[in-house]
Structure formats: structure tokens, C-alpha cells
Amino acid sequence: MSEKTSATLYYDIISPFAYLYVKQRQRLKQLDIKPVPVLLGGLLRATDNVGPGEVAAKRPHTYQFCVWQAEKLGVPFRFPEHHPFLTVAAQRLLLEKNAGWEMVERAFDYVWIEGKDPNLSWSEFCIYLGLPSETPRPESPEIKAALVANTNQAKADGAFGVPSLILNQHCFWGLDTIDWALDYLTRPGMFEEAPYAYAGNVPNGLT
């Protein structure tokens with residue numbers, strides 16, 4: 001059996017697209033994917049970007065598209081009590097526990113299957129992850145700094161949102177790039193091909 005290629009998936013449980021991506025990750029079985037928690041809000045600010053939940057005209061369109069996408073994929077899906085919401089405590093917890101895929105998926109399920117905001121039911125969230133109900137919200141300077149460092153590294157790796165798969169120093173952002181990543185694995189010289197090389201450096205006509 002050939003050795004799997006290492007990759008990184010930057011995620012935040014706030015993202016319904018990251019949830020749907022996690023539910024499809026078995027399609028990328030050729031990869032050994034490490035889940036890395038980041039703060040989406042911090043990543044958006046660092047890249048001069050905004051989430052769809054912050055754009056009034058885009059918000060209902062995006063949320064309803066997520067419902068449709070989940071239906072098409074046959075994935076259980078339920079919006080939480082409100083969205084967006086703060087995920088800093090949950091993301092710090094996942095980082096503190098060095099969460100593997102089982103815990104990461106449980107965290108996503110709590111939000112996108114149970115339809116709950118961990119901030120409103122912290123003890124229940126911890127139990128759902130298989131942790132003691134009295135598990136505190138992480139507040140150590142080390143964990144705070146580590147989550148910021150993860151977010152900064154995501155930006156350095158080319159991510160500007162989640163989910164972002166980093167594969168051989170290329171960033172594949174979004175649920176709909178799974179097929180692109182699979183094609184890339186069969187064509188590792190893809191980005192050196194002339195059309196791709198030009199598209200990656202095409203001059204901006206507005207500056």
C-alpha cells in the first residue's frame with residue numbers, strides 16, 4: 001500500500017461548509033489530513049474578507065443553499081439557534097485537547113445536527129465530545145496564543161476562509177474544491193501548466 005500524502009484542513013465549527021466538507025472527507029482517502037482549528041473571524045479580518053453571514057443580501061441565500069446542499073449530499077443538517085455565533089471557546093477547547101477527527105466531527109455534529117450553540121450549553125457540549133461536564137472554557141495564555149498562531153499560519157498558507165485544505169503548498173478552499181484536489185492528485189504538475197500559471201498571476205485591471 002502506497003504511503004498517504006500529508007495535508008492540513010483548517011476549520012472552524014461556525015462554518016456549515018466546513019461541516020459538509022468533514023462529512024465528505026472520506027472521498028480524500030488518499031490523504032492523511034490533519035484537522036487544525038482556527039478562528040474564522042480572525043482569518044477573515046487578516047485577509048480583508050467577510051463571511052456570508054455579514055452580508056445582508058448574501059446571508060439568506062447562503063443559508064438556504066446549505067440546506068439544499070445537505071439534502072443533495074444526504075447529510076443531516078440543522079441550523080443552530082442563531083448564526084453566526086462566537087466559537088472562540090470551542091475552538092480553543094478542540095486545540096487544547098489536540099482533537100482528532102472523531103472529536104472534531106462530534107463538535108461539528110453538535111452545531112449542525114443537534115442545532116446548538118456551545119456557548120449556551122457548555123457542559124452539554126463537553127459531554128457530547130466525550131469530556132467531563134465540568135471541563136472549563138480554556139483561558140490559558142498558551143492556548144489563546146496557539147489558536148492565534150494557527151490562524152496566522154492558515155493565512156500564510158494561502159487560506160482566506162474555511163474549510164481550506166492545504167496540499168503540497170496549494171490551498172483548496174471550500175466544499176466544491178474536493179473534486180479539484182482529487183484531480184490535482186492525478187496531475188501534480190497542474191499548477192505549472194500554462195493556463196494555471198497565468199491565471200495565478202493575471203494582472204489586475206482595476207489598479
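The values are calculated or read from the model by the stated rules, or taken from the named source; none is laboratory data. Being a predicted model, the structure only gives us computed values, none of them experimental. Cβ: placed from backbone, ideal geometry, glycine included. Neighbour counts: every protein chain shown. With ligands, DNA and RNA removed, areas are computed over all heavy atoms of the protein, side chains included. Shrake-Rupley method; radii C 1.70, N 1.55, O 1.52, S 1.80 Å.
Hey, what number do you get for the chain at 222 nm if only DSSP H runs of n ≥ 4 count, each worth -39500 (n - 2.57), divided across all residues, to the nearest 500?
Working: 9 runs with 91 residues, N = 207.
Rounded to the nearest 500, the figure is -13000 deg cm²/dmol.
How much of the accessible area of segment 1-111, in percent, comes from carbon and sulfur atoms when a 1.4 Å probe is used?
Accessible surface attributable to carbon and sulfur in segment 1-111 totals 51 percent.
Which whole-number percent gives the relative contact order of segment 70-123, counting Cα pairs below 8 Å spaced six or more residues apart?
Numbers: 39 pairs, mean separation 27.9, N = 54.
Computed value for segment 70-123: 52 percent relative contact order.
By its C-alpha gyration tensor, with a ≥ b ≥ c as the square roots of the eigenvalues, how is segment 16-84 shaped: rounded for a/c under 1.5, else prolate for a/b larger than b/c, else oblate? Please list the in-between numbers first.
Details: a/c = 2.29, a/b = 1.17, b/c = 1.96.
The shape class here is oblate.
Given the protein chains as shown and a 1.4 Å probe, how many square angstrom of MET103 are accessible, to the nearest 10?
About 40 Å², ignoring ligands and nucleic acids.
Do any GluC sites (Glu not before Pro) in segment 1-87 lie in a loop, going by DSSP, with at most 16 other beta-carbon atoms within 10 Å of their beta carbon, and if so which?
Values: sites: GLU3, GLU54, GLU71, GLU81; in loops: GLU3, GLU81.
Those that pass, being in a loop and sparsely packed, are GLU3, GLU81.
So, in Å, what gap is there between the alpha-carbon centers of segment 181-207 and segment 55-119?
31 Å
For segment 109-207, taking Cα atoms only, what is the radius of gyration to one decimal and the Dmax to the nearest whole Å?
Calculated on Cα positions, Rg and Dmax stand at 19.6, 56 Å.
Relative contact order for the chain: what is it in percent, counting Cα pairs under 8 Å that are at least 6 residues apart?
On the way: 263 pairs, mean separation 59.5, N = 207.
Computed over the chain, the figure is 29 percent.
At 1.4 Å probe radius, can you tell me the per residue accessible area of the chain in Å²?
Values: 11260 Å² over 207 residues.
Per residue, the chain has an accessible area of 54 Å².
Take the alpha carbon gyration tensor of segment 61-103, find the square roots of its eigenvalues, order them as a ≥ b ≥ c, and report rounded if a/c is under 1.5; if not, report prolate when a/b exceeds b/c, else oblate. Intermediate results must be reported in sequence, preceding the final value.
Values: a/c = 3.61, a/b = 1.68, b/c = 2.15.
Taking the square roots of the gyration eigenvalues as a ≥ b ≥ c, segment 61-103 is oblate.
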